[in-house]
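Below: one structure, written as structure tokens.
The values are calculated or read from the model by the stated rules, or taken from the named source; none is laboratory data. Because the structure is predicted, anything quoted here is derived from the model rather than measured. With ideal geometry, Cβ positions are generated from the backbone for all residues, glycine too; neighbour counts draw on all protein chains shown. Note: areas computed on protein heavy atoms with side chains; ligands, DNA, RNA excluded. Shrake-Rupley method; radii C 1.70, N 1.55, O 1.52, S 1.80 Å.
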Amino acid sequence: MKTYRPIQKGIGQLRFRSIEEELAKARVSVRRWWWEYLRLSKTYWLICQTSTSRNNPRVMDEKMRWIYRKFGDVFSSDFDTWYTNTGSRIFAEQEALPEVTEIEEDFSNLRESRDGLLLVDIPLSLSQATINRQINRILKKHMDERPTNKLQTSKSQFPINPVRYRLHTLQKMHEVWCLHRELIAKPVALGQAKDRYSTKGDLFRIGKVLRLSPSNELIAEDVKLNHRRTNIMRATVSRYLSRANLLIDNVELGQFPVFKKVSPKKVFTTKQMESHRELENQWWDLDLSSSLSGTKVIDAKRVVYSWYG
């Protein structure tokens, strides 16, 4: 008899026979990017750095206390180790998927609750094609009773939000955020920014090295066209960055990928925030780029343009 691990939704396959087989799918799935974006949260990093016990995180916000108890320290190991020890368990479906059941003649296995269920009587003398056609006709009559939101069918503690996402887009936004952190946010925070124009130039630089808008990369002889292209590139980078920040805000609440605004919350006490200032330099020393991006962010940092428009 085949034995399978707990059911996993959102990684391209429901059932796996080994953690190695499951991990091969998970490390290139939306679950991987869930982990990657949680690592971009400075707030979550501070919780990981200051909490000595997973059961008693040093944070006021109850939601983030719960997230920390579930996810633990995502900075202390690589994805494979974290997923094997933690991710597989917290993402797994907590209940078995419902199945089509053949009702016994004496109705002994008929469920007490009829919610979400439909009884049909199938004459076995009909052809399979006819049976399928007639069942589909019946199901169409009950379409309004079927869940339209996939979140309603998931029993995972952390179901994937049913939005139209592309893994490539999640990766690109992650790369923009990491490069912006290195080229702009870090120098500004540490007082190392050259001048107020350097950030504008670096916005264009980020867009060009990551090929966000190829049609606006080249310098034009016409000054107005040139100005328009650089502005479009900067706006494109800003849009990617804004959406990445929304993902981070929502992943702190245990939902991903979600692009909705989050209301400000009181996370730390005043005393905690004062003690966190000593950790500031350690935060900026971190390399938060994803191994899925290879050396793309590192290589992009080395590129220097003498003209930004």
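Answer yes if at least one residue in the range 169-190 is surrounded by 10 or more Cβ atoms within 10 Å (Cβ to Cβ) and at pLDDT below 80, and no otherwise.
Filtering the range 169-190 for residues surrounded by 10 or more Cβ atoms within 10 Å (Cβ to Cβ) gives 169-190.
Of the ones still in play, those that are also at pLDDT below 80 are none.
No, the range 169-190 has no match at all.
Looking at the range 15-36, which of its residues are part of a loop (DSSP other than H, G, I, E, B), in contact (Cβ under 8 Å) with a residue 24 or more places away in the chain and open to solvent by less than 10 Å² (accessible area, probe 1.4 Å)? So that I can check it myself, show each step before the final result.
Initial filter on the range 15-36 (part of a loop (DSSP other than H, G, I, E, B)): 15-18, 27-29.
Next, only the ones that are in contact (Cβ under 8 Å) with a residue 24 or more places away in the chain stay: 27-29.
Within the range 15-36, just S29 meets the criteria.
Each row is one residue, and each column tells you yes or no for (1) at pLDDT 95 or above; (2) open to solvent by 80 Å² or more (accessible area, probe 1.4 Å); (3) hydroxyl-bearing (S, T, Y); (4) within 15 Å of I248 (Cα to Cα).
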position	(1), (2), (3), (4)
T3	no, yes, yes, no
Q13	no, no, no, no
L38	yes, no, no, yes
T43	yes, no, yes, yes
T50	no, no, yes, no
N56	no, yes, no, no
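State whether one or more residues within the range 218-239 are at pLDDT 95 or above and closer than 26 Å to I47 by Cα.
No, the range 218-239 contains no residue that is at pLDDT 95 or above and closer than 26 Å to I47 by Cα.
May I ask you to list pairs of residues, at least six apart or on different chains, whose Cβ atoms are under 7 Å apart, with the first in the range 216-243 being farther than 23 Å from V258 by Cβ and the second being loosely packed, with under 14 Cβ neighbours inside 10 Å and modelled with pLDDT under 90?
Taking only residues 6 or more apart or on different chains, the pairs are I219/W307; N226/I219.
Name the residue, out of N250, N245, N226, that is open to solvent by less than 60 Å² (accessible area, probe 1.4 Å), assigned to a helix (DSSP H, G or I), within 30 Å of F71 (Cβ to Cβ) and of a type outside the set (A, V, I, L, M).
Numbers: N245 fails: open to solvent by less than 60 Å² (accessible area, probe 1.4 Å); N226 fails: within 30 Å of F71 (Cβ to Cβ).
Exactly one residue qualifies, and that residue is N250.
Can you tell me how many residues within the range 196-213 are in a helix (DSSP H, G or I) and open to solvent by 70 Å² or more (accessible area, probe 1.4 Å)? Steps first, answer last, please.
Here is the first cut: in the range 196-213, the ones in a helix (DSSP H, G or I) are 198-209.
Within this subset, residues satisfying the condition of being open to solvent by 70 Å² or more (accessible area, probe 1.4 Å) are 200.
Final tally of qualifying residues: 1.
I'd like to know if the range 275-292 contains one or more residues that are among the small types (G, A, S), in contact with an Asp or Glu (Cβ under 7 Å, 6 or more places away or on another chain) and surrounded by 19 or more Cβ atoms within 10 Å (Cβ to Cβ).
Filtering the range 275-292 for residues among the small types (G, A, S) gives 275, 289-291.
From what is left, the residues that are in contact with an Asp or Glu (Cβ under 7 Å, 6 or more places away or on another chain) are 290.
Remaining after also requiring surrounded by 19 or more Cβ atoms within 10 Å (Cβ to Cβ): 290.
Checking the range 275-292: at least one residue is among the small types (G, A, S), in contact with an Asp or Glu (Cβ under 7 Å, 6 or more places away or on another chain) and surrounded by 19 or more Cβ atoms within 10 Å (Cβ to Cβ).
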